[in-house]
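Chemist: Let me give you the structure first, and then I'll get to my questions.
A short reminder: the numbers here are calculations on the coordinates, not readings from a lab. From a predicted model like this one, the values you see are computed outputs, not experimental measurements. With ideal geometry, Cβ positions are generated from the backbone for all residues, glycine too; neighbour counts draw on all protein chains shown.
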């Protein structure tokens, strides 16, 4: 038997009785007032390990629990035994001298004392303060008004039922465009928006945090009601003028009205104060000049009953009717050429200017009409000049080209009389060219000046016989005027010689008209001075331009012999010749 070991254990046990007994009797553990007690933190429903002492020479240890605010220790365990009376502290077991508490609860909080005896007779006491921490629960989010009108106050409250303090709060707002954004000054459980603005609209969350964990609330949507703001009207195609906007006739015009509002605006369109459409986008497929006027967009917030409006003026531009007209006329007594370019009408008025192809500089633009004066002597025959026409309704300038020229040759004159020779028609012609040639008879002593063709009618009278008429041609490119002449003459006849035929044969007599400016009619008279008609059975008449032949069929000696007369007359006189026809009897 090892009496030494037995004796030693006995001494330790006695010492423990002496040392520990006052703790239970007087609830006064041997702890210095100045001694700092280490603190261990545990979390509800989790586990914690409290260490007694280190080393393998421990022969005996005792764990006690002292609730904060009391002095009496409650035995928990000694050596390998755990007292069932301490189950309120949690699930307790030992790991050597280490006290393991699982499934901690709030009752587990307090001071733990471990009295440890060593085999060498030493003794020590270890104190550990256990602080129990409670995780924060998922906070609940509340709002006093989720659909406030802009400018009104809003209060959001974030509350967590449990959690060991201190608890910190952070607020976030989420929108599709911005994502998650921290809310300024959102550091307490209450978020106050003294004046809700549209920028405050979004999903709000509250995050709570303590030493144990972090939890975030569910989302609440703050929908700030506002508007409508002043509308903005987008016009396509976009063309700004001094008094609003413009559009070309037959274009498709799109009016898009936007006015920020929550809920979204309801739009109504007015044309000259008359409602024409309900909707945000108003399309005019083919705008016409009659649709020039004021277009008003009315934006309404049906929830608030508020409204705003904006009016724009649209002027419809349109081209003049028809096509531009370019011309050239003589000017300054036929010494110059005046180029004229015109396209009247439209809105706004078209802009026109003249530009010669060889010129680098263009003339100043003018409205509707443009005139350019050229010196005739300086113009080369066949020169072209271009009139440029601009208008908002034209994608590109319209060109109108005029070519200045003088026709070749010269004027041509002639005179004719009417069928009954009551009137004489003087004709002077020189067609072509630009500007047209101006024609005058006898320096305008008779008739008026006319372009290209000048026809003047005179009353027939013998006084015009052998009179000369002159046509003068005027053109800016001719420094010397060209002329043509026509002389009016009475007819002059030439006839065949006297003829002789044998009775029973046909006789032919010819009459010829010498050339003259006026046409003449040839008439035949028989030997009894009676006019011969062409359809007579006895006589046959054959006519040409300036001749006529008389045939006397089956001549008879006693009847057909004698003088036959050929007569010609025109508007200014007449002429006649006699021809002797001798018919010889077949019995002589």
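Chemist: Say R0 is 41 Å: what FRET efficiency, to the nearest 0.05, do residue 68 and residue 177 get from their beta-carbon distance?
Modeler: 0.15
Chemist: Can you give the calculated 222 nm mean residue ellipticity of the chain, where each DSSP H run of n ≥ 4 adds -39,500 (n - 2.57) and the sum is split over every residue, rounded to the nearest 500 deg cm²/dmol?
Modeler: -1500 deg cm²/dmol
Chemist: Ok, one more. Got a sec? Which residues in the stretch 165-204 would a label at residue 146 touch, if it sits 7 Å along Cα→Cβ and we count backbone N under 14 Å?
Modeler: What the label zone holds, given the 14 Å backbone N cut-off, is 202-204.
Chemist: Taking Rh as the Kirkwood radius, which is the inverse of the mean 1/r over Cα pairs, what is the Rg/Rh value for the stretch 138-296?
Modeler: 1.25
Chemist: In whole Å and largest first, what semi-axes does the C-alpha gyration tensor of the stretch 302-386 yield when each eigenvalue is scaled by 5 and square-rooted?
Modeler: Sorted largest first and rounded, they come to 47, 13, 10 Å.
Chemist: Can you tell me what share of the DSSP beta bridges in the chain is antiparallel? A percent to the nearest 5 is fine.
Modeler: Bridges in the chain that DSSP calls antiparallel: roughly 95 percent.
Chemist: How many nm is it between the label spots at residue 446 and residue 542, if each spot is 7 Å from the Cα in line with the beta carbon?
Modeler: 3.8 nm
Chemist: Between residue 508 and residue 398, 0.36 nm times their residue separation minus their Cα-Cα distance comes to what?
Modeler: Gain in length upon complete extension: 32.4 nm.
Chemist: How many angstrom lie between the Cα centre of the stretch 424-454 and the Cα centre of the stretch 561-588?
Modeler: The stretch 424-454 and the stretch 561-588 have Cα centres spaced 43 Å from each other.
Chemist: Which distance in Å, rounded to a whole number, links the C-alpha centroids of the stretch 215-235 and the stretch 464-490?
Modeler: A separation of 93 Å, based on Cα centres.
Chemist: Further, regarding this structure: Zone of residue 466 (label point 7 Å along Cα→Cβ, backbone N under 14 Å): which residues in the stretch 560-588?
Modeler: 573-574
Chemist: Have a look at the DSSP beta bridges in the stretch 232-317 and tell me what percent are antiparallel, nearest 5.
Modeler: Of the beta bridges lying entirely in the stretch 232-317, close to 90 percent run antiparallel.
Chemist: Using only Cα atoms, locate the centre of the stretch 140-203 and the centre of the stretch 97-112, then give the distance between them in Å, rounded to an integer.
Modeler: Rounded to whole Å, the Cα centres lie 39 Å apart.
Chemist: Which parts of the stretch 523-547 would a label at residue 556 reach, counting a residue when its backbone N lies under 15 Å from a point 7 Å out along Cα-to-Cβ?
Modeler: 527-528, 537-539
Chemist: Another question, then. Could you give the length gained on full extension between residue 384 and residue 162, defined as 0.36 nm per residue of separation minus the Cα-Cα distance, in nm?
Modeler: Full-extension gain reported as 70.0 nm.
Chemist: Compute the helix-to-body angle for 3-26: its Cα long axis versus the longest principal axis of the chain, expressed 0 to 90° and rounded to tens.
Modeler: Roughly 70 degrees, rounded to the nearest 10.
Chemist: Rounded to a whole number of µm²/s, how large is the Stokes-Einstein D of the stretch 493-584 at 4 °C and 1.567 mPa s, given Rh as the Kirkwood radius over C-alpha pairs?
Modeler: Taking Rh from Cα pairs, D becomes 97 µm²/s.
Chemist: Would you kindly state how much longer the chain becomes between residue 107 and residue 495 on full extension, computed as 0.36 nm times their sequence separation minus their alpha carbon distance, in nm to one decimal?
Modeler: 123.0 nm
Chemist: What's the percent breakdown of Cα-Cα distances in the stretch 426-487 across 10 Å bins, shortest bin first?
Modeler: With 10 Å bins starting at 0, P(r) equals 22, 53, 20, 5.
Chemist: Using the 2.2 N^0.38 Å rule of thumb for compact globular proteins, work out how the chain stacks up: its C-alpha Rg over that value, please.
Modeler: 2.67
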